[in-house]
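A quick write-up on the structure given underneath.
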Amino acid sequence: MMSESFRNWRGMQQSGGRRIKRSLFIDASGVRFVRDDEEQQLMQIHLLTDYIGRKQAELLAWNQAQGNVAQMSANRRRMTNIGTFRAYALAYLKSHVDINPGMTCMVRQLEPTSQGILLEIYCFTRTTVWVEYERIQGDIFDYLITVMPEFGLSLYQQPSGADMRVGLRGETMSQVTADWTRER
């Protein structure tokens, strides 16, 4: 056991990178198709411009190949907000100065659970220094969590006792938070 831990530590030190492997639990109720107006808005995000252009061409070609069948919404392929967010998260990681470009970097969707849809971030930092690694990882997740609403997505969070009390009064947590903010 001790020699295996030492080998792992030495391998990490020699590679020059420390692995980030963490998931975001996305609330499945927010997953949907991207509307045309949203697509145009998302096209303005420089990290998504190439992806959306490629995706639009891919979807157009596929839908045209289906002929009249693709006229029905259920038969037509379209962009989704979760797929677009996944592409954005990957582009963000690949452009991040503290992520090692010579090592594996991916954002993948894992099997959905009762806690939501797992979107796993898998990449390596350029440093092996623990404190720096934690700062980098924290900054990445702070940012991704904060930008999720731009894609119509939110984290899944199990209801708490406060959520239940608010729900019984017929309010939402957003309303309560807004009221609390105004009172301050």
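Read the figures in this text as sums done on the coordinates, not as results from a lab. This is a predicted model, so every value here is computed, not measured. Glycine gets a Cβ as well: all are built from the backbone with ideal geometry, and neighbour counts include every protein chain shown.
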Dipole check, the stretch 34-79, charges on Cβ (K,R +1; D,E -1), about Cα centroid: among Ala65, Gln40, Gly53 the Cα furthest to the positive pole belongs to Ala65
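For the peptides 24-32, 117-125, 43-51, what is the packing order when you average, over each peptide's residues, the other Cβ atoms within 10 Å and list the highest mean first? Could the numbers behind the result be given before it?
Values: 24-32: 16.7, 117-125: 20.0, 43-51: 14.1.
Output ranking for 24-32, 117-125, 43-51: 117-125, 24-32, 43-51.
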